[in-house]
Amino acid sequence: MSAAAQSLYPPAGTRAFWLGFAAYVVPTFPIAYVWHLVVFAPAYHALAMYRDDVIIPFGLLSMLIQGAAFSWIYPRAFADRGPWLRNGLRYGLALAAVSWSFTTMAVAAKNVMTSVPAYLLLETGFTVVQFAIVGPLIALSYRRRHPRRAGD
């Protein structure tokens, strides 16, 4: 296999990639569903910017694409730079900043809504909660497991 083809595969292995993928998708879907469609549903409805009949499969597809991308990026950008939890929190912060720029700021800039500050507050809160959870989980999925030596 060529070096270019090998770079498409996760360096830590396929298992770690799929664990990282799951570490993003599994918590993100329920967090997003509960945040947007249950707990803060009245606040989002009051913004008058979303459809009444949200298309949940589109949201899930978006999360699947993000999960693949974020899991693929982690070992290339953050792995082996210290303790997994610190890496995960740093990765979560980096992902939150990128995500916030296109899921919060860009939407606030171009969509009609009743309150830009309320939207910014809601989505910033969601982004912080989401990536405070998934950043460390993705890092954990790539953590190298060292076999125990006799006497350890």
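No value in this document is a laboratory result; all are computed from the given coordinates. Quick caveat: nothing in here was measured; it's all calculated off a predicted structure. So basically every Cβ, Gly included, is an ideal-geometry build from the backbone, and we count neighbours across all protein chains shown.
Between region 65-130 and region 24-49, how many Å separate their Cα centres?
15
Using the alpha-carbon atoms, what tilt in degrees (0 to 90, nearest 10) does helix 84-100 show relative to the longest principal axis of the chain?
Helix 84-100 sits roughly 30 degrees off the main axis of the chain.
From Cα pairs below 8 angstrom and at least 6 apart in sequence, can you work out the relative contact order of the chain, rounded to a whole percent?
Reported relative contact order: 38 percent.
Which order do the peptides 70-77, 134-141 come out in when sorted by mean C-beta neighbours inside 10 angstrom, highest first?
134-141, 70-77
How compact and how long is region 10-142, expressed as Rg and Dmax of its alpha-carbon atoms in Å?
15.5, 47
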